[in-house]
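Input: a single structure, listed below in structure tokens.
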Amino acid sequence: MTKCRDIGVLATILVLAASTGASAQPSPQAYPGRIIRIVTTEAGGGSDFASRLIAHGIASGLSQQVIVENRGIQAAEIVARAPADGYTLLLNGPTIWLLPFLRDKVAYDPVNDFAPITLVTKAPNLLVVHPSVPASSVRELISLARKRAGQLNFGTSGTGNSVHVAGELFRTMAHIEIVRVNYKGAAASLTALVSGEVQLIFANAAGGLPLAKSGKLRALAVTSAMPSPLAPGLPTVAASGLPGYEASALIGAFAPAGTPAAIVGRLNQEMLRVLASPDAQERLLASGVEGAGTTPEAWGAIMKSEMTKWGKVIRDAGIRED
């Protein structure tokens with residue numbers, strides 16, 4: 001009798017333990033039940049701006065406060081280790097998937113440690129040259145670089161960033177010899193171009209376009225596959241001398257791997273709603289980027305494609321983090 005009673009008590013304990021474990025799992029129906037945080041890079045950058053725009057926009061649709069945390073290079077590692085419950089998200093650019101190609105050890109796996117939510121923004125660079133450069137098109141610039149092998153310098157604003165790899169891709173696809181000169185930041189590299197220290201730069205639109213409009217620089221093309229609303233009337237690099245060339249800096253949203261599909265879908269729906277709004281589109285263009293928006297599956301495929309493409313460029317050029 002005692003044995004049967006003990007078995008009954010044990011069964012009750014097991015049922016309670018199972019129900020407690022189940023309730024500890026994130027419930028898509030109850031989501032969100034507390035503050036959501038978006039972890040991103042340094043304050044003031046493109047990822048920070050996009051994060052704050054997204055945070056403000058989705059807060060109303062989710063009826064929950066959404067905060068932004070600036071954690072620099074550690075942002076991806078923090079989110080990779082966070083619970084897969086939809087309350088800690090990552091919004092980041094190419095660094096997250098290019099860093100593994102630039103250093104020997106990275107504390108996360110860009111494919112296996114994250115659940116893609118959506119592509120948020122894309123930003124083509126502008127190929128700009130100093131006014132003294134006798135080239136008014138990409139085709140003429142390539143011809144000039146071949147005639148002056150090793151004599152033209154291109155400025156960059158960091159190792160392995162979108163400006164750098166865009167220049168390396170241009171160099172290899174065009175089969176030209178141009179010399180990289182690295183500067184500490186985009187402003188310093190543009191100043192060097194204006195002064196004539198370097199002859200060309202793949203600048204971000206926010207920094208390069210005003211200088212081109214003022215006549216201090218000459219803009220030759222945009223690096224996107226299609227013409228960009230960021231630079232109306234400017235041809236693409238591909239269409240004006242280097243077929244197949246394309247380079248854009250992408251920023252996307254992620255959750256930790258294992259986050260329930262229903263929660264990822266809800267976040268995707270809310271972010272797409274924000275990105276489709278005319279106000280968000282206008283604000284993003286004013287900041288020098290284009291609003292995007294994809295399904296989680298499409299964003300995952302795009303990131304893997306970016307890794308394949310730029311990983312090869314980085315390996316072939318022997319680029320390592322400074």
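Quick rundown of the values:
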quantity	calculated
Given charges at beta-carbon only (K, R positive; D, E negative), |dipole| of the chain in Debye	320 debye
Sorted by Cβ density within 10 Å, fewest first, the residues H164, H56	H56, H164
Calculated P(r) of the chain - Cα pairs past 31 Å, %	38 percent
With Cα atoms, 0 to 90° folded angle of helix 186-195 axis to the chain main axis	0 degrees
Tilt relative to the chain, helix 261-276 - C-alpha long axis, 0 to 90 degrees, to 10	40 degrees
Rounded to 5, the percent of DSSP beta bridges in segment 124-222 classed as antiparallel	55 percent
³J(HN,Hα), Karplus 6.51/-1.76/1.60, whole Hz, each residue of segment 205-220, x for Gly, Pro	5, 4, x, x, 5, x, 5, 5, 5, 7, x, 6, 9, 10, 8, 9
At R0 = 56 Å, FRET efficiency that the Cβ-Cβ distance of E140 and R71 yields, to 0.05	0.80
Trypsin sites (Lys or Arg not before Pro) restricted to DSSP loop in segment 147-180 with at most 16 other C-beta within 10 Å	R148
Loop-exposed GluC sites (Glu not before Pro) per DSSP, neighbour cap 13 Cβ within 10 angstrom, longest uninterrupted part of the chain	178-320
Using alpha-carbon coordinates, inclination of helix 46-62 to the longest axis of the chain, degrees	40 degrees
Dipole of segment 124-222 [Lys/Arg +1, Asp/Glu -1 at C-beta], most positive-end residue of G207, T156, V194	V194
Proximal lysines to K213, defined as alpha-carbon separation beneath 28 angstrom and excluding residues fewer than eight positions away on the same chain	K122, K184
Ranked T41, T121, T88, criterion: other C-beta atoms within 10 Å, fewest first	T88, T41, T121
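None of the figures in this text is laboratory data; all of them are computed from the coordinates on show. Remember, predicted model here, so these are calculated numbers, not experimental data. FYI the Cβ positions are ideal-geometry reconstructions off the backbone, even for glycines, and counts take in every protein chain you see.
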